[in-house]
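Notes to accompany the following structure.
The values are calculated or read from the model by the stated rules, or taken from the named source; none is laboratory data. Worth saying up front: this structure is predicted, and the values here are computed from it rather than measured. Glycine also receives a Cβ, built like all others from the backbone with ideal geometry; neighbour counts cover every protein chain displayed. Heavy atoms of the whole protein, side chains included, go into the accessibility calculation; ligands, DNA and RNA do not. Shrake-Rupley method; radii C 1.70, N 1.55, O 1.52, S 1.80 Å.
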Amino acid sequence: MRRSLIACLSLALLLAAVPAAHAQLGGLKKKVADKVAGKKPDTTATVAAKPKCDNSSMVISSDVVDRYLKSLAARDAEMQKLAKEPGQTGAFYSAVLKRQAVERRQAEYELHRGPDWEKNQALQKRLMTGDASAVQEQTALSQSINPHAVEVPELEWEAQQKGSVRIDSVMRVAGRFSECDWLNVGTERLPRLIYILVADPETKDLQGFGTSQEAAVIRPRVAELARAMNIKYVSPEDKARLKAEDEEAKRLAQQPTSTGNPQTDCMVKVQMEFAKAHQKEFEAAQKSQDVNATMKLSQQLGLEMAKCKAPGQ
């Protein structure tokens, strides 16, 4: 049955960028991937259970987007209620919400903003002065913004079905969608178009899920929609800013300035040389979020910086 399929949302997809517990979107990533690969979607389990809807589909307008955002807000509120329920259900949704909160912190950090990024910058300054305690704090910070560090307990399949159907119903009602409009637009065309435009805001290839006029409605609100759907999104402005920051950091790294303190200058030089020599290791550890590798490199750097002697020593 289609509704049974809607309810069968796997944990892996629930914790991905797809809106948490958003029924019907559980298979979205796979379907999009199959579309790109040219594979035909498996519809054998869904055809019989579709509501009796005609072939028409509502046009995605600014009003529809507003209503969809209300649906997503209702989803979050319902998940908060589920997280407060006793037993496995409450523990499961509570952990999902916690992981999503960490994902948002991580996304902000990767954009070089927010309290975690500011803390990182302060720790970097302390590392440059040879503060050994900053190494442990840096490791703790990295762990605190690692979503995979949040363990999500298992939830019985029946309970997952029940929770997903409940959330799906709340979303549809909150957005004032009919069953057919929710099925065709709320859980299919609109989220698919959002994913496509998040990946490439300027694309003209909408893969048959909408018109250029509908994309024009969604495009100015991609950032807002991506945030509501828990999708990582980097705006063109942020991309340009991050690139400029990276280039400026490289320029400064090549032109070290003297502080007038021999020990500080020594540590800055050591840090620069170490970063250059171990650049690939740092990048690999950051990409894989390998806390142990990051800690090891930080400890090695601390040992090298500790060799810089203060005046008179």
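Out of everything in region 165-182 that is free of Cβ contacts under 8 Å to residues at least 24 places away in the same chain and part of a helix (DSSP H, G or I), what residue ends up being least open to solvent (accessible area, probe 1.4 Å)? Talk me through it step by step, then tell me what you get.
Let us first name the residues in region 165-182 that are free of Cβ contacts under 8 Å to residues at least 24 places away in the same chain, namely 169, 178, 182.
Now drop any that are not part of a helix (DSSP H, G or I), which leaves 169, 182.
Working: Ser169: 55, Trp182: 4 Å².
In this case the residue turns out to be Trp182.
Of all residues in region 96-121 being open to solvent by less than 60 Å² (accessible area, probe 1.4 Å) and either free of Cβ contacts under 8 Å to residues at least 40 places away in the same chain or farther than 18 Å from Met229 by Cβ (or both), which is farthest from the chain's Cα centre (by Cα)?
Step one: list which residues in region 96-121 are open to solvent by less than 60 Å² (accessible area, probe 1.4 Å), which gives 96-97, 99-103, 106-107, 109, 111, 114, 116-117, 120.
Checking which are either free of Cβ contacts under 8 Å to residues at least 40 places away in the same chain or farther than 18 Å from Met229 by Cβ (or both) leaves us with 101, 109, 114, 116-117, 120.
Values: Ala101: 10, Tyr109: 11, Gly114: 15, Asp116: 16, Trp117: 16, Asn120: 19 Å.
Checking each candidate, the answer is Asn120.
Determine, yes or no, whether Leu155 is crowded, with 17+ Cβ neighbours inside 10 Å and in a loop (DSSP other than H, G, I, E, B).
Values: crowded, with 17+ Cβ neighbours inside 10 Å: yes; in a loop (DSSP other than H, G, I, E, B): yes.
In short, yes.
Among the candidates Met58, Met79, single out the residue that is surrounded by fewer than 19 Cβ atoms within 10 Å (Cβ to Cβ), within 25 Å of Arg189 (Cα to Cα) and among the aliphatic types (A, V, I, L, M). Walk me through how you get there before you give the answer.
Values: Met79 fails: surrounded by fewer than 19 Cβ atoms within 10 Å (Cβ to Cβ).
The match here is Met58.
Identify, from the list Lys204, Lys162, the residue that is open to solvent by 60 Å² or more (accessible area, probe 1.4 Å), of a type in the set (Lys, Arg) and touching a residue at least 60 places away in the same chain (Cβ under 8 Å).
Details: Lys204 fails: touching a residue at least 60 places away in the same chain (Cβ under 8 Å).
Going through Lys204, Lys162 in turn, just one is open to solvent by 60 Å² or more (accessible area, probe 1.4 Å), of a type in the set (Lys, Arg) and touching a residue at least 60 places away in the same chain (Cβ under 8 Å): Lys162.
Just checking, how many residues over region 27-86 are polar (S, T, N, Q), at pLDDT 95 or above and under 16 Å from Arg172 (Cβ atoms)? Reasoning before the result, please.
Applying the first criterion (polar (S, T, N, Q)) to region 27-86 yields 43-44, 46, 55-57, 61-62, 71, 80.
Then keep just the ones that are at pLDDT 95 or above; that gives 61-62, 71, 80.
Applying the additional criterion that residues be under 16 Å from Arg172 (Cβ atoms) yields 71.
Number satisfying all stated conditions: 1.
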